[in-house]
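The values are calculated or read from the model by the stated rules, or taken from the named source; none is laboratory data. Note that the coordinates shown come from a computational prediction; the quantities given were computed from them, not determined experimentally. Reconstructed Cβ throughout: ideal geometry from the backbone, glycine too, with neighbour counts over all protein chains shown. Just so you know, the surface numbers come from the protein's heavy atoms only, side chains and all, with ligands and any DNA or RNA stripped out. Shrake-Rupley method; radii C 1.70, N 1.55, O 1.52, S 1.80 Å.
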Amino acid sequence: MIDQATRIRRNPDVVHRQLEEEQGGVLLHLESGEYHGLNDLGSVIWRLIENESTFAEVVAGVRSQTEDAPEHVDQDVASFLDDLNRRDLVQLLP
């Protein structure tokens with residue numbers, strides 16, 4: 001479960017490649033060799049966790065970098081980070 005104080009850290013075995021503007025990006029897990037596509041919002045979140053960040057900091061960053069962010073953006077970000085965690089792309093730390 002992600003709460004406001006949960007810290008998010010990128011897995012160091014994952015590399016990111018930004019595609020053209022508004023095209024998102026791609027993550028490559030070096031150990032598994034699996035590629036994972038990111039939409040524009042996913043790429044924003046990936047940039048926001050370049051340095052270890054709290055969930056609250058990531059949500060605030062998404063709100064500031066996204067025009068007309070929906071009220072439930074925190075739920076969307078939590079779901080996305082849970083998915084990245086299940087794929088071993090990030091670590092969620094209490």
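Checking each residue in the stretch 1-24 for being in a strand (DSSP E or B), touching a Gly at 6+ places or on another chain (Cβ under 7 Å) and open to solvent by less than 70 Å² (accessible area, probe 1.4 Å) picks out only H16. Among the residues in the stretch 33-54, are any closer than 12 Å to I2 by Cβ and not hydroxyl-bearing (S, T, Y)? Taking every residue of the stretch 33-54 in turn, none turns out to be closer than 12 Å to I2 by Cβ and not hydroxyl-bearing (S, T, Y). Among the conditions (1) part of a strand (DSSP E or B); (2) crowded, with 19+ Cβ neighbours inside 10 Å, the only one that Q91 does not satisfy is (2).
Taking I45 as the residue in question, decide whether it is surrounded by 16 or more Cβ atoms within 10 Å (Cβ to Cβ), under 12 Å from the mean Cα position of the chain (by Cα) and in a strand (DSSP E or B).
No: the conditions fail for I45.
Any residue in the stretch 52-63 that is in contact (Cβ under 8 Å) with a residue 40 or more places away in the chain and open to solvent by 70 Å² or more (accessible area, probe 1.4 Å)? For the stretch 52-63, residues in contact (Cβ under 8 Å) with a residue 40 or more places away in the chain and open to solvent by 70 Å² or more (accessible area, probe 1.4 Å): present. The number of residues in the stretch 61-72 that are of a type in the set (A, V, I, L, M, F, W, C) and over 13 Å from the mean Cα position of the chain (by Cα) comes to 1.
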